[in-house]
Structures are given as structure tokens and as C-alpha cells.
Amino acid sequence: HVHIAESGGGLVQPGGSLTLSCAVSGITFNRSAISWFRQGSGNKRESVAVIGRSRGTTYGDAVKYRLTISRDRAKQMVFLQMSSLKPEDTAVYYCNVLNDTEDRWGQGNQVIVSS
């Protein structure tokens, strides 16, 4: 049974920081690339960060230098550290797990950046 669960979202002031977590089970974690996507109101879902099987990382231009993605193989978790948050970072953030046979999504976690 595949289970992907995001947590850590909420309300944060502009300029603040937040760390999202993605817990993964029931899927071959170490052979999967893990991505964070986000979708703001009225916007398309966009990729913001990817960590590959070998821990190589890629970031979207809008968030580069403000986000850090990491993975803990033992705990089968992926983290997204976000800093210098802006109102335009407000979105539902989704965790995606992708490998040769699976393409799975979490339910999403809301992040609101507002004063």
C-alpha cells in the first residue's frame, strides 16, 4: 500500500521560514526521484525542487537559492526547507515520487505567506 503524506505547512509571515516534510511508504524509496510541486490559486502546478536517486538536486528559477531539498533514506522522508518566503510562494505544495514503475502524489499541504 503506497502512502505519501506531506506535513509542515501553515501560515508564515513574509521573510519567514518553513520546512515541509514528505513521508513515503509502500514504494521503492531509494530508487525513486522525489519532487516538490506547488500550485497557487489560478496557476498551473509547477515543479519547485527535485532530488534524484543519487541526491542530485534541481530547483525552479522562482525559488532557487531560497529552497533546499533533502532526503533521509533511513526514515524514507524528504524535506523542503524554505526561507525568505514571499506572498507569491502561497500555494498547495505536493510531494511526488517517481521511478520506473510508479508515479505517485501526496494529498498536498497548504502554505500561506501573509502578514
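For a straight C-alpha distance cut-off of 16 angstrom, the aspartates and glutamates reachable from Lys75 (same-chain residues fewer than eight places away being disregarded) are Glu6.
Taken about its Cα centre, the chain carries a charge dipole of roughly 240 debye when the Cβ of each Lys and Arg holds +1 and the Cβ of each Asp and Glu holds -1. Here the accessible area of the chain is 46 percent carbon and sulfur, with a 1.4 angstrom probe and all protein chains present. Per residue, the accessible area of the chain comes to 54 Å² when a 1.4 Å probe rolls over the protein heavy atoms. Per the Debye formula on identical point scatterers at the alpha carbon atoms of the range 51-115, with no solvent, log10 I(q)/I(0) at q = 0.11, 0.24, 0.26, 0.29 Å⁻¹ is -0.30, -1.28, -1.38, -1.46. Whole-percent P(r), the range 41-89, all Cα pairs, 10 Å bins from 0: 23, 50, 24, 3. Reachable lysines from Lys86, Cα under 17 Å, same-chain residues fewer than 8 places away excluded? Partners found: Lys64. Remark: the range 26-42, residue by residue, has Karplus-estimated 3J(HN,Hα) of x, 9, 6, 4, 5, 9, 10, 8, 10, 10, 10, 10, 9, 9, x, 4, x Hz, where x stands for each Gly or Pro and the curve is 6.51 cos²θ - 1.76 cosθ + 1.60 at θ = phi - 60°. D by Stokes-Einstein for the chain, Kirkwood Rh over Cα pairs, 25 °C, 0.890 mPa s: 175 µm²/s. Put the Cα centre of the range 54-115 next to the Cα centre of the range 4-48 and the gap is 4 Å.
The values are calculated or read from the model by the stated rules, or taken from the named source; none is laboratory data. Worth saying up front: this structure is predicted, and the values here are computed from it rather than measured. In this analysis, Cβ positions are derived from the backbone assuming ideal geometry, glycine residues included, and neighbour counts consider all displayed protein chains. Surface accessibility is based on the protein's heavy atoms, side chains included, excluding ligands, DNA and RNA. Shrake-Rupley method; radii C 1.70, N 1.55, O 1.52, S 1.80 Å.
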